[in-house]
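Working notes, beginning with the structure itself.
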Amino acid sequence: MSIQTENISKLVERRNNAKMGGGQKRIDAQHEKGKYTARERIAMLLDKGSFEEYDMFVQHRCTNFGMEKSHYDGDGVVTGCGTINGRLVYIYAQDFTVSGGSLSITMAQKICKVMDMAIQNGAPCIGLNDSGGARIQEGIDALAGYGELFERNILASGVIPQISGIFGPCAGGAVYSPALTDFTLMVKNTSYMFLTGPAVVKSVTGEQVTQEELGGASVHASKSGVAHFAADTEEDGILKIKTLLSFLPQNNLEEAPKVPTEDSVSRVDDLLNEIIPDNPNKPYDMYYIIRSIVDDHNFFEVHQDYAKNIIVGFAHMNGRSVGIVANQPKILAGVLDINASRKAARFVRFCDAFNIPLVTLVDVPGFLCGTQQEYGAIIVNGAKLLYAYGEATVPKVTVTLRKSYGGAHIVMSCKQLRGDINYAWPSANIAVMGADGAVNVLYSKDMKTAEEPEEKKRIFEEKKKEYDDLFSNPYQAAQKGYIDDVIEPRNTRFRVIRALEQLQGKRQEIPAKKHDNLPL
Ligand code: HXC
């Protein structure tokens, strides 16, 4: 065998060895838990044959606790780049078969390398997490590694889309990397995120919980909002990441790719003319309206199970990516509370950072009041959404379907927050508050002094009618130019698309500043 042939077979052998991670036994253990390995996940996510791996031969340099005796090529993370549907992405996948995917300084350096490349070359970065956290044997070095990684997450924020897939444990300070990224996806039953596990929780607070109850996918997707997506299986998770990417641009200087559609721009939906119930307190399903107006009825929802009184997600309109924000009258009458405000604000800011126009569908009775909301700082949290819309410079098209009251009217992308095109349906009701509340405030004295209940009722009905005639329609706002047109509901798709096309060249500045001071 020539020296060159021997060299090449050595390379092949080292490569094959590295591909085995922590060895067959640990790979089998991973499979027994119903989990894929890092390499299997990458293979599922990237286009076939597109993976370009880096740092396959990196090894840790730790000599504590006998670590010098155990070395694995690659050191617990697989990193590189590849394509998804032909588009470049950078990727890292933690390999649980090597020291439980725990983070060493060398592993952190591998991750930082691909993150730096992603930022420099303007491509999304996807992290697949499956790790026991900081590598205990490395002490402060491992913590420094996390610090380096977090700093990259921060520098990349708003420059390239960052997506975290949680495919196993993600505990301790490690959870802050996903929290700094744009979207976090968890897999039900096999992934969890928490600051400390159930054992520590029990010793500190006495509370007894399981891992799933403390930080499983359903908890974070529905209660805390930490996870934007909860996938049923790893395959489902991979598919969701791919779908999400299809709506996003490569970086903040590009537009999301156009997706050709057969769905006619001028498709009308007669059902929309009848969807608003006569009774203003009766709900209807906002999902129907969203799906009716977007291309091919295809809506990709974000935060589906969290703060369901507001709906956010991506769709295409005439092939172009849009971010949809819509109040959901079916849940809590579509009221804005703390969680709904935070959820929508984060989504609006993401869309604005990545040049994705916003389409807002409004039916909001106001902000939720009461001690629970006040103590939880609804004032500051509501201001987040106000701020997000006010600072957003992407095209903003708003359609008011029914109620748009008080502060919530202003917040939901009104004209004065530099809304570009604001339409209203004939059923729109743009006012300081609803008729019942207004009459009770304005005429409470008259009603109190009325001697007979019939007289009280008469005053109430008379004033309510007066208020309804004046405000329970879109024309007060239209007369003043606060909305641009009253449109027939069946034409909404067509009108919104035409507005978006018109706004394609939009250029809008905000005053120069170091950075804003969003009410956190
Ligand atoms: C070194 C680790 C490790 C770690 C796991 N391993 N976590 N090695 N550092 N943090 C190793 C185990 O020793 C074992 O090695 C292998 O990974 C698999 O672990 P098991 O415990 O056998 O697996 P499992 O039963 O599935 O349990 C997984 C686990 C558990 C729940 C993640 O390993 C665990 O609780 N690990 C510690 C989690 C933790 O507290 N991390 C520190 C968080 S603080 P062998 O050789 O036997 O296969 C933190 C600070 C970050 O991360 C701060 C950032 C600012």
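T449 falls short on exactly one of the conditions (1) more than 21 Å from I276 (Cβ to Cβ); (2) of a type in the set (S, T, Y); (3) open to solvent by less than 60 Å² (accessible area, probe 1.4 Å), and that condition is (3).
Looking only at the stretch 26-50, which residues are among the aliphatic types (A, V, I, L, M) and touching an Asp or Glu at 6+ places or on another chain (Cβ under 6 Å)? Across the stretch 26-50, the qualifying residue is only A38. With respect to the conditions (1) part of a helix (DSSP H, G or I); (2) open to solvent by 90 Å² or more (accessible area, probe 1.4 Å), N517 falls short on a single one, namely (1).
When you check G145 against the structure, is it at pLDDT below 95, within 11 Å of the ligand (Cβ to nearest atom) and either open to solvent by 10 Å² or more (accessible area, probe 1.4 Å) or in contact with a Ser or Thr (Cβ under 9 Å, 6 or more places away or on another chain) (or both), yes or no? Break it down stepwise before answering.
Values: at pLDDT below 95: no; within 11 Å of the ligand (Cβ to nearest atom): yes; either open to solvent by 10 Å² or more (accessible area, probe 1.4 Å) or in contact with a Ser or Thr (Cβ under 9 Å, 6 or more places away or on another chain) (or both): yes.
Considered against the rule, which asks whether it is at pLDDT below 95, within 11 Å of the ligand (Cβ to nearest atom) and either open to solvent by 10 Å² or more (accessible area, probe 1.4 Å) or in contact with a Ser or Thr (Cβ under 9 Å, 6 or more places away or on another chain) (or both), G145 comes out as no.
Applying the set (1) within 20 Å of E509 (Cβ to Cβ); (2) part of a helix (DSSP H, G or I); (3) open to solvent by 40 Å² or more (accessible area, probe 1.4 Å) to A388 leaves exactly one unmet item: (3). Looking only at residues in the stretch 263-280 that are surrounded by fewer than 17 Cβ atoms within 10 Å (Cβ to Cβ) and out of contact with any helix residue (DSSP H, G or I) (no Cβ under 8 Å at 6 or more places or on another chain), the one that is nearest to K240 (Cα to Cα) is S264. Do you know which of the residues in the stretch 291-321 that are in contact with a His (Cβ under 7 Å, 6 or more places away or on another chain) and crowded, with 23+ Cβ neighbours inside 10 Å is nearest to A408 (Cα to Cα)? Per the criteria, the residue is V312.
Okay, residues lined up against (1) assigned to a helix (DSSP H, G or I); (2) farther than 30 Å from V294 by Cβ; (3) β-branched (V, I, T):
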| position | (1), (2), (3) |
| --- | --- |
| E451 | no, yes, no |
| E454 | yes, yes, no |
| I459 | yes, yes, yes |
| K463 | yes, yes, no |
| D469 | yes, yes, no |
| Y482 | no, no, no |
| R493 | yes, no, no |
| L500 | yes, no, no |
| Q504 | yes, no, no |
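Every condition in (1) outside any loop (DSSP other than H, G, I, E, B); (2) open to solvent by 40 Å² or more (accessible area, probe 1.4 Å); (3) modelled with pLDDT of 95 or more holds for C81 except the one numbered (2). Tallying residues that are out of contact with any helix residue (DSSP H, G or I) (no Cβ under 9 Å at 6 or more places or on another chain) and either of a type in the set (D, E, K, R) or open to solvent by 10 Å² or more (accessible area, probe 1.4 Å) (or both) within the stretch 348-369 yields 3.
Within the stretch 164-181, the residues that satisfy the criterion of being buried (at least 24 other Cβ atoms within 10 Å of the Cβ) and more than 11 Å from the ligand (Cβ to nearest atom) are S164, G165, I166, F167, P178. Would you confirm whether any residue within the stretch 183-204 is open to solvent by 50 Å² or more (accessible area, probe 1.4 Å), away from the ligand (no atom under 16 Å from the Cβ) and touching a residue at least 40 places away in the same chain (Cβ under 8 Å)? Checking the stretch 183-204: at least one residue is open to solvent by 50 Å² or more (accessible area, probe 1.4 Å), away from the ligand (no atom under 16 Å from the Cβ) and touching a residue at least 40 places away in the same chain (Cβ under 8 Å).
Output the helices (runs of 4 or more DSSP H) that fall wholly within the stretch 1-77 and possess 2 or more residues being among the hydrophobic types (A, V, I, L, M, F, W, C) and open to solvent by less than 60 Å² (accessible area, probe 1.4 Å), or say none. Outline the logic, then answer.
Details: elements: 3-19, 24-32, 38-45.
Answer list for the stretch 1-77: 24-32, 38-45.
Using the structure shown, decide if H71 is within 16 Å of the ligand (Cβ to nearest atom), without any contact (Cβ under 8 Å) to a residue 40 or more places away in the chain and closer than 30 Å to A118 by Cα. Give the steps one after another, and end with the answer.
Numbers: within 16 Å of the ligand (Cβ to nearest atom): yes; without any contact (Cβ under 8 Å) to a residue 40 or more places away in the chain: yes; closer than 30 Å to A118 by Cα: yes.
Judged against the criteria, H71 is a match.
Only a single criterion out of (1) away from the ligand (no atom under 11 Å from the Cβ); (2) part of a loop (DSSP other than H, G, I, E, B); (3) buried (at least 16 other Cβ atoms within 10 Å of the Cβ) is not satisfied by C112, namely (2).
Yes/no matrix, rows are residues, columns are (1) at pLDDT 95 or above; (2) more than 27 Å from A142 (Cβ to Cβ); (3) touching a Lys or Arg at 6+ places or on another chain (Cβ under 7 Å):
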position: S2; (1), (2), (3): no, yes, no
position: K25; (1), (2), (3): yes, no, no
position: E40; (1), (2), (3): yes, no, no
position: F65; (1), (2), (3): no, no, no
position: V77; (1), (2), (3): yes, no, yes
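The values are calculated or read from the model by the stated rules, or taken from the named source; none is laboratory data. The structure presented is a predicted model; accordingly, all values stated were derived computationally and were not measured. Here Cβ is always computed from backbone atoms with ideal geometry, including for glycine, and neighbour counts include all displayed protein chains. Each accessible area value is taken on the protein alone, full model and side chains, heavy atoms only, with ligands, DNA and RNA left out. Shrake-Rupley method; radii C 1.70, N 1.55, O 1.52, S 1.80 Å.
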